[in-house]
Amino acid sequence: MRSLKIGVLALQGAAREHLFALQKCGAEAVLVKHGEQLTELDGLVLPGGESTTIGKLLTRYGLADPIRELAASGKALFGTCAGMILLARTITASEQFSLGLLDIEVTRNAFGRQRESFEAELVMPVLGEEPFCALFIRAPLVEKIGGKVQVLATYGGRVVAARQGKVLVTSFHPELTADLRLHRYFLSLALEAEKKAGGPFSFERYEGD
Ligand code: GLN
């Protein structure tokens, strides 16, 4: 039985840390720079970085439509920080590019200068009882969410993790801390997509190291 093959968009930003986290979870993980690589994937991670730069490169290299097609074919997507901005429907007071695959409005760098980078213990019921230690780095904030969006975590009353269908986003960086539960959760979504496509997988592969 083959393991899930997950791409990590590697145009700019923190791609390698996601690659290692996915590999630790038992997935085959590859860095993605070209649209044609997307057709063979079971899911894609859009990492943190600078969303304006990643957005420009996405359109320049013709990756936007292949990513939208990946989502339309029921594959899982995971956007962290800048990746969340790139998946959002709307970016507050900005004309910059986004893929519009999740019905949320986000504000960039929303936690202010005093709190450019910080850690917080988040309650995330989908991950179990133990809080998730979340690292925020010049993080975006979710201002508005559509009716089909499921809130997975809040911080100070604001949404910082959410999911719509197989599209998962966090305003923080789970790839920079040791807790693999969010990557495992993402792989479980990718697995659901694969099951629908008829793949012979078992979820148990991703439980525990
Ligand atoms: N501030 C960045 C942006 O707006 C995101 C920061 C990050 O990904 N850590 O694109």
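Observations on the structure shown:
- So THR53, is it more than 12 Å from the ligand (Cβ to nearest atom) and either surrounded by fewer than 16 Cβ atoms within 10 Å (Cβ to Cβ) or under 19 Å from SER98 (Cβ atoms) (or both): no
- Counting only helices (runs of 4 or more DSSP H) that fall entirely inside the stretch 41-104 and contain at least 3 residues that are out of contact with any strand residue (DSSP E or B) (no Cβ under 9 Å at 6 or more places or on another chain), the qualifying elements are 51-60, 64-72.
- Of all residues in the stretch 52-64, those that are within 13 Å of GLY83 (Cβ to Cβ) have Cβ atoms under 6 Å from Cβ atoms of residues that are within 13 Å of the ligand (Cβ to nearest atom) and among the aromatic types (Phe, Trp, Tyr), 6 or more apart or on another chain, in GLY55/PHE97.
- Some residue of the stretch 39-48 being of a type in the set (A, V, I, L, M, F, W, C) and touching a His at 6+ places or on another chain (Cβ under 7 Å): yes
- Scanning the stretch 139-158 for residues that are surrounded by fewer than 17 Cβ atoms within 10 Å (Cβ to Cβ), touching a strand residue (DSSP E or B) at 6+ places or on another chain (Cβ under 7 Å) and outside any strand (DSSP E or B) gives GLY146, LYS148.
- Breaking point among (1) away from the ligand (no atom under 13 Å from the Cβ); (2) buried (at least 24 other Cβ atoms within 10 Å of the Cβ); (3) not aromatic (Phe, Trp, Tyr), for VAL106: (1)
- With respect to being within 15 Å of the ligand (Cβ to nearest atom) and more than 26 Å from ARG184 (Cβ to Cβ), ALA139 falls outside the description.
- Positions within the stretch 159-180 being without any contact (Cβ under 8 Å) to a residue 40 or more places away in the chain and assigned to a strand (DSSP E or B), in sequence order: VAL160, ALA161, ARG163
- Those residues of the stretch 3-36 which are surrounded by fewer than 16 Cβ atoms within 10 Å (Cβ to Cβ) and part of a helix (DSSP H, G or I), in sequence order: ARG16, PHE20, GLN23, LYS24, GLU36
- Failed criterion for CYS25 (all others in (1) more than 18 Å from THR170 (Cα to Cα); (2) hydrophobic (A, V, I, L, M, F, W, C); (3) in contact with a His (Cβ under 9 Å, 6 or more places away or on another chain); (4) without any contact (Cβ under 8 Å) to a residue 60 or more places away in the chain hold): (4)
Laboratory data are not the source of any read-out in this text; all were calculated from the coordinates shown. These numbers were taken from a predicted model, which means no experiment stands behind them. Here Cβ is always computed from backbone atoms with ideal geometry, including for glycine, and neighbour counts include all displayed protein chains.
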